[in-house]
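Scroll down for the structure; my scribbles are underneath it.
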Amino acid sequence: MKTKPRLLTVLLALVVSASVSQWAIAAEQAHAQIMNASGQQVGKVMLYRTGHGTLLHAKLHDMPEGAHAFHVHSIGKCEAPFKSAGGHYNPHGHKHGIHSADGMHAGDMPNIHVPTTGSLEIEILNTNLVLDTSLFDEDGAAIVIHAGPDDYQSDPAGAAGPRIACGVIHK
């Protein structure tokens, strides 16, 4: 009789362990299809969990030349002109900007610099971004590219101008 309860306990533990492992694997990476305001795909961003934060690997094309702010925004909705993506992803309530003495948003990242070809492949390690339940909450999150560069200090958004491309982050 004692064998059956132990066996059931072991089986239950295996099922729970397998479920947790599948969830953890699903959160190891994510992706976003980047669309412009005309609804055309202009790239893809892959997000990978690392022991030091999240590695973002962006492959963009048909983008305007120049410096552009590149952020994670707090809402996974990308309806042109992309204000639907909300403000920067900021789960800890910090001030905006890499140069801010009061920290920075988890969604703040360095500007990207698109060459005259309009194509760019770049990797950025965001040490403040975690692929966890707060990023994948009920309203999700998005990658947003702005028309101009982030000044790294103006709160709340870096004076980067209009939003020109957006992609919802999916597991």
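Values quoted throughout were computed directly from the atomic coordinates according to the rules given, and no laboratory measurement underlies them. Predicted, not measured: the structure shown is a model, and the values here were computed from it. Every residue, glycine among them, receives a Cβ derived from its backbone with ideal geometry; neighbour counts consider all protein chains shown.
Below, the figures for the structure above:
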{"item": "Shape of region 99-171, Cα gyration tensor, a/c cut at 1.5", "result": "oblate"}
{"item": "Electrostatic dipole magnitude of region 15-160 [Cβ: Lys, Arg +1; Asp, Glu -1; Cα centre; debye, to 20]", "result": "180"}
{"item": "Charge tally in the Cβ shell below 11 Å around GLY97, where Lys, Arg are +1 and Asp, Glu are -1, GLY97 excluded", "result": "-4"}
{"item": "Unsatisfied cross-links (Cα-Cα over 19 Å) in the set LYS59/LYS83; LYS77/LYS171; LYS44/LYS77", "result": "LYS59/LYS83"}
{"item": "Overall Cα dimensions of region 28-170 - principal axes, largest extent first, Å", "result": "36, 31, 27"}
{"item": "Nearby aspartates and glutamates by direct alpha-carbon distance to LYS95 (threshold 19 angstrom, same-chain neighbours under 8 apart not counted)", "result": "ASP108, ASP150, ASP151, ASP155"}
{"item": "Region 37-93 versus region 107-162: alpha-carbon centroid distance in Å", "result": "5"}
{"item": "Amide H within-cut-off set for MET35, under 5 Å, with H built and near neighbours excluded", "result": "VAL42, CYS166, GLY167"}
{"item": "Per-residue ³J(HN,Hα) for region 157-168, Karplus 6.51 cos²θ - 1.76 cosθ + 1.60, θ = phi - 60°, Hz, x for Gly and Pro", "result": "10, x, 6, 8, x, x, 8, 10, 7, 7, x, 6"}
{"item": "Local electrostatic count at HIS146 - Lys and Arg +1, Asp and Glu -1, tallied over other residues with Cβ under 13 Å", "result": "-1"}
